[in-house]
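The structure follows.
The values are calculated or read from the model by the stated rules, or taken from the named source; none is laboratory data. Quantities reported herein were computed from a predicted structural model and do not represent experimental measurements. Note that we place each Cβ from the backbone using ideal geometry, even for glycine, and neighbour counts take in every protein chain shown. Only protein heavy atoms, including side chains, enter the accessible area calculation; ligands, DNA and RNA are left aside. Shrake-Rupley method; radii C 1.70, N 1.55, O 1.52, S 1.80 Å.
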Amino acid sequence: MLVFDADDTLWENNVLFIRVVDDFLAWLAHPTLDHAAIRAVLNDVERANAATHGYGSRVFLRNLHECFEKLSERPATDAERREIEELAAALVFDEVELMPEVAETLADLGTRHELALLTKGDDTEQRRKLAASGLAGHFGSVHVVREKDLPTYLALTESLSLDPATTWMIGNSPKSDIIPARRAGWNAVFIPHPHTWELEHAALDPADTGVLELPSFTTLRNHF
């Protein structure tokens, strides 16, 4: 069983958020804080809201509003709120940009293995991305969850009657894809992405033989 992450594994995602953040930082033009300091404040807001409200573009917009009010030390005006919403309007996922040869690789792997999709975030938003990708037919099951942590992996192991020894989680996030999958007894394939969200970074154990690191999605064909 090969279980795939979606965002930044099958298609580009975080780079879209990065572009909006860059526009937000330029628009904010804080008088005393540089971009790195403002980004640190936004990271703190994102970390807190992820635990309470989850993920997705609606939560991201909330993060921008809260970051603005935290830095400005006052509520945003109606005009400022509209401007922030206009900055985030680019996050409409009617189209997605697939990673190179993703469809061809999934089609090939599907001739030899069972495939499933495991992604976290807003259910409607994630399923809209999947529909736009044209990849849904490759997966025997699709699972959109609030958080990809150890209980999620253990629950999926039970619900799909998986054998952890022959199950592989494939993704770009050490925090959500690799570490909890390994704790659940699964194997994992780590495919680094240059724009992985900062809050998904975590140190991997270089001595862990249950983690295979590959340079690209297409190289999965050489191993499975």
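Looking only at region 56-85, filter to residues that are of a type in the set (Ser, Thr, Tyr) and farther than 15 Å from VAL21 by Cβ; which one of those is surrounded by the most Cβ atoms within 10 Å (Cβ to Cβ)?
Looking at the filtered set, the residue picked out is SER72.
Looking at region 122-156 only, could you name the residues that are open to solvent by 40 Å² or more (accessible area, probe 1.4 Å), part of a loop (DSSP other than H, G, I, E, B), on the phi < 0 side of the Ramachandran plot and out of contact with any helix residue (DSSP H, G or I) (no Cβ under 6 Å at 6 or more places or on another chain)?
Selection gives GLY140, ARG146, GLU147.
Can VAL189 be described as of a type outside the set (S, T, N, Q), in contact with a helix residue (DSSP H, G or I) (Cβ under 6 Å, 6 or more places away or on another chain) and surrounded by 18 or more Cβ atoms within 10 Å (Cβ to Cβ)?
no
How many residues, within region 164-183, are open to solvent by 40 Å² or more (accessible area, probe 1.4 Å) and touching a residue at least 60 places away in the same chain (Cβ under 8 Å)?
So the answer is 2.
Evaluate the following for GLY140: is it farther than 25 Å from VAL15 by Cβ and modelled with pLDDT of 95 or more?
yes
Additional query: Only one of these conditions is not met by LEU91: (1) modelled with pLDDT of 95 or more; (2) open to solvent by less than 40 Å² (accessible area, probe 1.4 Å). Which number is it?
Checking LEU91 against (1) modelled with pLDDT of 95 or more; (2) open to solvent by less than 40 Å² (accessible area, probe 1.4 Å), the one that fails is (1).
Another question, if that's okay. With the structure loaded, tell me whether LEU42 is touching a Cys at 6+ places or on another chain (Cβ under 6 Å), more than 30 Å from VAL142 (Cα to Cα) and open to solvent by less than 20 Å² (accessible area, probe 1.4 Å) or whether it fails that test.
Against the criterion (touching a Cys at 6+ places or on another chain (Cβ under 6 Å), more than 30 Å from VAL142 (Cα to Cα) and open to solvent by less than 20 Å² (accessible area, probe 1.4 Å)), LEU42 qualifies.
Still on this structure, I have one more. Considering only residues that are over 14 Å from LEU64 (Cα atoms) and either open to solvent by 80 Å² or more (accessible area, probe 1.4 Å) or at pLDDT 85 or above (or both), which ones fall in region 17-34?
If the condition is that a residue be over 14 Å from LEU64 (Cα atoms) and either open to solvent by 80 Å² or more (accessible area, probe 1.4 Å) or at pLDDT 85 or above (or both), then PRO31, THR32, ASP34 are the ones that fit.
How do the pairs read when you match residues in region 197-218 that are within 30 Å of VAL45 (Cα to Cα) with residues anywhere that are open to solvent by 100 Å² or more (accessible area, probe 1.4 Å), using Cβ under 8 Å and keeping only pairs 6 or more apart or on different chains?
As it stands, the answer is LEU199/ARG47, since those pairs meet every condition given.
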